[in-house]
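As C-alpha cells, the structure follows; a few thoughts come after it.
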Amino acid sequence: MTGRAFIPLIPLLNTRVASSRAYATGNEPHTPPTGHVADKLGRPLRDLRISVTDRCNFRCTYCMPKEVFDSGYRFLRHADLLSFEEIARLARIFVSHGVEKIRLTGGEPLLRKDLHKLIAMLASVKTRDGTDVDIALTTNGSVLARKAQQLAEAGLKRITVSLDGLDDAIFRRMNDVDFPVRDVLNGIDVAAAAGLAPIKINMVVKRGVNEHEVVAMARHFRGTGHIVRFIEYMDVGTSNRWRMDEVVPSAEIVQLLAHHFDLDPVEPNYSGEVAERWRHRDGSGEIGVISSVSHAFCRACTRARLSTEGKLYLCLFAGLGHDLRTLLRGSELQPAATDSQLEAAIGHIWRARDDRYSELRGPLTAPMPKVEMSYIGG
Ligand code: SAM
Ligand code: SF4
Ligand code: SF4
C-alpha cells in the first residue's frame, strides 16, 4: 500500500440495474495475498467469470428477448469496456487470491475483436505454485468454426457450447434470429478437431419449448466424448419474465433419460462442481444436470463475476456490482490504484461476501433488482 490518501468513491448510477456502489475505496488495509481468501460463509475465491461483451448476435428468448434488446437498447460503449490489459491485470490479482479457473463469457464472447489476444495474455498467468490457470470459454458456437483454431493456438483449453436442441425449427425459434443448428454442430466439430475436445454442450430446458429435445440431445452426443449438460431455466435478470412453471426440474430430466438409457451416478470431480453427473453404463459417455433452481449449491459457490465494464459481482443474482474500473483508471477524485491497492480492495470485497440467492429464492428475494445474464455472463 502506498501512503497516498484515497477519497471514497461516490456511488455511481448504473442505469441497467439500479445503482452500483463501490464498496472498496482502494484505501483498505493491505496484507499481501496468500492465495486463499474466504468469504463470510467460509467459501474460497476459486473461479472467475469474465464477460468481455454485453452484445450478442442471438436473441435467445430466455436471455435477451427481442422486445427488450431491440434497436433502442443501449449497449455499452467501447470506451466503457475493460481493455484486454485491464482484464489481464485484474486476472493476475484474482489469481493471487486463489483463482484457478477463468471462464470468458458474455454476451457472445467471440464477437469481441481479437479475443485470442486476451486468451494468450491470460494463458501466461500462473498460480502461486507455478501451475497454469485453467482458461475456458462459453459460446453460442455461431462463429466457432472460423475461430476455433486461433483460440486453441492462443492457449484456450476448454470450451462450452450452448445448444438448446437439434430440431432446427425449435433451435431457430429459441435463438430468435433464425440461426441454423447445422452451423453450431459444425463449430463443435471444428473445435474438437482443433484440440478443444471434450466439449461441454449446455442446453437450457424450458417447459413447453424444448423439453422434447432432451433425449435426442443425449442420444446425438453419446459416444462423441462431448458432455451434454441440461440446465434448469433460471430467474436471472428480469427481462425474460421467468416463471417457475417453465422450469423443468433436473430430477424430471434424469427420470426421463433413465427411461431411455442405463445411467450410473458419477462422483463430483471437485468440491464446488455445479453439475450432477451421470455415466452411460456401457461406457459411451456422460451427461450432467445443473439444478440451479431446484437444488441450491450456494454453500459451495466459489465464483466471482467481472462484468464487461469492470464491475465485480459476487452472485449471479446480485443487483449491485463493485466498481473496479474506477479504481483501475482513477478519477477526478483519486489517482489510479496500485496493484497492492487493487489486491486489498478485492480481498476486502470477497471477505464481506454473504450472497446465497438460490438458497433464499422465494418471496423474500422477489423485489430485488437483478443484473441481466447477457451483461454479467453466465
Ligand atoms: N453467448 C454465450 C452462450 O450462449 O453460450 C455465452 C453467454 S450465455 C449468457 C452463458 C450461458 O448462460 C449459456 O449457456 C446460456 O444458455 C445460459 N443462460 C442464459 N440465460 C439463462 C437462463 N435464464 N437460465 C439458464 N441459463 C441461461
Ligand atoms: Fe446470446 Fe448466449 Fe444470451 Fe443466447 S444465451 S442471447 S447466445 S448471450
Ligand atoms: Fe453462487 Fe449466487 Fe448461484 Fe448461490 S445463487 S450458487 S451464491 S451465484
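The values are calculated or read from the model by the stated rules, or taken from the named source; none is laboratory data. The model shown is predicted, which means the values in this text are computed figures rather than measured ones. As a convention, Cβ positions derive from the backbone with ideal geometry for all residues, glycine included, and neighbour counts pool all protein chains shown.
For the stretch 206-225, the tally of residues that are out of contact with any helix residue (DSSP H, G or I) (no Cβ under 7 Å at 6 or more places or on another chain) and crowded, with 20+ Cβ neighbours inside 10 Å stands at 2.
Within the stretch 279-325, the residues that satisfy the criterion of being within 11 Å of ligand 3 (Cβ to nearest atom) and under 18 Å from Leu342 (Cβ atoms) are Ala304, Arg305, Tyr313, Leu314. The single residue among Ala79, Ala88 that is in contact (Cβ under 8 Å) with a residue 12 or more places away in the chain and either outside any loop (DSSP other than H, G, I, E, B) or more than 16 Å from ligand 2 (Cβ to nearest atom) (or both) turns out to be Ala88.
Taking the criterion of being surrounded by fewer than 18 Cβ atoms within 10 Å (Cβ to Cβ) and either in contact (Cβ under 8 Å) with a residue 60 or more places away in the chain or part of a loop (DSSP other than H, G, I, E, B) (or both), the residues of the stretch 275-297 that qualify are Arg281, Asp282, Gly283, Ser284, Ser294, His295, Ala296, Phe297.
Yes or no: Arg229 surrounded by 14 or more Cβ atoms within 10 Å (Cβ to Cβ), under 19 Å from Ile188 (Cα atoms) and under 18 Å from the mean Cα position of the chain (by Cα)?
Details: surrounded by 14 or more Cβ atoms within 10 Å (Cβ to Cβ): yes; under 19 Å from Ile188 (Cα atoms): yes; under 18 Å from the mean Cα position of the chain (by Cα): yes.
When the stated conditions are applied, Arg229 passes them.
Applying the criterion of being more than 17 Å from Tyr375 (Cα to Cα) and basic (Lys, Arg) to the residues of the stretch 73-103, the residue that is surrounded by the fewest Cβ atoms within 10 Å (Cβ to Cβ) is Arg89.
Criterion applied to Glu309, Glu332 was being of a type in the set (D, E, K, R), outside any helix (DSSP H, G or I) and under 30 Å from Ile199 (Cα atoms), and the one residue passing it is Glu309. For the stretch 148-176, taking the residues that are within 16 Å of ligand 1 (Cβ to nearest atom) and part of a helix (DSSP H, G or I), the one that is nearest to Asp132 (Cα to Cα) is identified as Leu151. In the stretch 135-184, of all residues being surrounded by fewer than 18 Cβ atoms within 10 Å (Cβ to Cβ) and under 30 Å from Arg92 (Cβ atoms), the one that is modelled with the lowest pLDDT corresponds to Lys157. Scanning the stretch 59-70 for residues that are more than 7 Å from ligand 1 (Cβ to nearest atom) and within 20 Å of the chain's Cα centre (by Cα) yields a count of 5. Annotation note: of Gly72, Gly98, the sole residue that is in a loop (DSSP other than H, G, I, E, B), touching a strand residue (DSSP E or B) at 6+ places or on another chain (Cβ under 9 Å) and away from ligand 2 (no atom under 16 Å from the Cβ) is Gly98.
The residues listed here are Arg305, Arg241, Arg279; of these, the one that is at pLDDT 95 or above and within 16 Å of ligand 2 (Cβ to nearest atom) is Arg305.
Among all positions in the stretch 51-72, there is at least one residue which is small (Gly, Ala, Ser), within 26 Å of Ile135 (Cα to Cα), crowded, with 21+ Cβ neighbours inside 10 Å and modelled with pLDDT of 95 or more.
Checking each residue in the stretch 105-133 for being within 15 Å of ligand 1 (Cβ to nearest atom) and part of a loop (DSSP other than H, G, I, E, B) picks out Gly106, Gly107, Glu108, Arg112.
Count of the stretch 177-193 residues, restricted to those that are within 13 Å of ligand 2 (Cβ to nearest atom) and assigned to a loop (DSSP other than H, G, I, E, B), is 2. Within the set of pairs 6+ apart or on separate chains, which have a first residue in the stretch 346-368 that is closer than 13 Å to Ala38 by Cβ and small (Gly, Ala, Ser), a second that is buried (at least 18 other Cβ atoms within 10 Å of the Cβ) and modelled with pLDDT of 85 or more, and C-beta atoms under 7 Å apart? Qualifying pairs under 7 Å: Gly347/Pro33; Gly347/Val37; Gly347/His97. Close contacts from the stretch 319-332, counting a first residue that is farther than 14 Å from His348 by Cβ and a second that is aromatic (Phe, Trp, Tyr), with Cβ to Cβ under 7 Å and a gap of 6+ residues or different chains, come to Gly321/Tyr313.
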